[in-house]
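Below is one structure, written out as structure tokens; comments come after it.
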Amino acid sequence: MTLEATHHMNPSFIRAVALALVLGSFAAPRGATAQAPISGIEQARRDSVRRPYTAADIEFMSGMIGHHAQAVKMAGWAQSHGASRSLQIFCGRIATGQTAEIGLMQQWLRERNQPVPEADARGMKMDMAGMDHYVMMPGMLTDEQMKQLDAARGVDFDRLFLTFMMQHHRGALTMVDKLFNTPGAAQDEIVFKFANDVQADQTTEIDRMQQMLDALPQGSGE
């Protein structure tokens with residue numbers, strides 16, 4: 001194609017061709033096999049791995065795994081413990097969302113060659129003098145509270161679940177506040193976005209749970 005011919009072409013077409021050539025030069029270096037373009041999310045993940053992160057970021061992501069794991073376990077009891085239909089739907093959303101976030105946190109730690117805690121509802125497992133010790137994050141239920149919730153049924157379960165999960169969510173907000181108030185922390189794109197999502201989602205869910213709690217009949221469901 002001659003240079004003169006390009007004068008008769010649509011400028012948008014010319015820009016598109018130029019952009020394709022530029023992108024092609026990055027996607028397929030000389031001698032390399034052409035690859036499909038990566039998604040924006042994947043590019044953000046790769047860029048994030050190369051950015052600096054802090055001990056506070058690692059502590060937050062590690063601790064939130066156990067915190068989420070306990071919430072998922074609590075939510076998993078809704079159907080078997082006779083929760084109301086509305087609470088079962090709510091618990092399903094918690095379980096789905098926080099299970100996915102556990103995977104995100106574990107991947108973030110793994111890609112930075114950090115220890116990756118298991119998703120344990122008892123908290124973050126630590127080996128102390130050859131014995132397992134579980135560190136509980138803010139807001140997490142004690143063993144006694146978990147037993148109390150497990151023993152409840154029907155409306156009593158709804159009431160206890162909502163009360164305990166609001167406690168649980170407020171603990172997560174405390175963890176986010178600590179992260180954001182630590183100098184230099186949360187500069188990593190994934191950590192920053194995840195912590196912001198936790199803050200926004202769980203604040204909204206606390207309001208929703210308070211409304212659900214206020215709507216429950218008074219007294220025992222027995």
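The values are calculated or read from the model by the stated rules, or taken from the named source; none is laboratory data. These figures come from a predicted structure and were not determined experimentally. Cβ coordinates were reconstructed from backbone atoms using ideal geometry, including for glycine residues, and neighbour counts include every protein chain displayed. Heads up: the accessible areas ignore ligands, DNA and RNA and are worked out on the full protein's heavy atoms, side chains in. Shrake-Rupley method; radii C 1.70, N 1.55, O 1.52, S 1.80 Å.
Between Ser39 and Leu173, how high is the FRET efficiency from 1/(1 + (r/R0)^6) when r is the Cβ-Cβ distance and R₀ = 45 Å? Nearest 0.05.
On the way: r = 31 Å, r/R0 = 0.68.
According to the calculation, E is roughly 0.90.
Considering only protein heavy atoms and a probe of 1.4 Å, how much of the accessible area of region 99-222 is carbon and sulfur, as a whole percent?
53
Using the Cβ atoms and a cut-off under 14 Å, what net charge is assigned to the surroundings of Thr182, where Lys and Arg are +1 and Asp and Glu are -1?
Counting the neighbours of Thr182, the net charge comes to -3.
Need the full-extension length gain, Ala55 to Thr96, defined as separation in residues times 0.36 nm minus the C-alpha distance. One decimal, nm.
11.9 nm
How much accessible surface area, in Å² rounded to 10, belongs to the heavy atoms of Glu144 with a 1.4 Å probe?
Looks like 120 Å² after rounding.
Through the Karplus equation 6.51 cos²θ - 1.76 cosθ + 1.60, θ set to phi - 60°, convert the phi angles of region 109-123 into ³J(HN,Hα) values in whole Hz; use x for Gly and Pro.
Here the 3J(HN,Hα) series is 5, 4, 5, 9, 6, 9, x, 10, x, 6, 7, 10, 5, 7, x Hz.
For region 74-167, what's the relative contact order in percent, using C-alpha pairs closer than 8 Å and at least 6 residues apart?
33
Mind listing the phi-derived Karplus ³J(HN,Hα) values for region 54-66, rounded to whole Hz, using 6.51, -1.76 and 1.60 with θ = phi - 60°, and x for any glycine or proline?
After applying 6.51 cos²θ - 1.76 cosθ + 1.60, I find 10, 4, 5, 5, 5, 4, 5, 5, 5, x, 6, 5, x Hz.
Ignoring everything but the protein chains, give the 1.4 Å probe accessible area of Lys125 in square angstrom, nearest 10.
100
Residue separation times 0.36 nm, minus the C-alpha to C-alpha distance between Glu118 and Asn196: what's the value?
25.8 nm
So for the pair Arg153, Ser86, with labels modelled 7 Å out along Cα→Cβ, what separation do we get in nm?
With each label placed 7 Å out from Cα toward Cβ, I get 2.3 nm.
When ligands, DNA and RNA are left out and all protein chains stay put, how many square angstrom of accessible area per residue does region 64-178 have with a 1.4 Å probe?
Values: 5610 Å² over 115 residues.
Per-residue accessible area for region 64-178 comes out at 49 Å².
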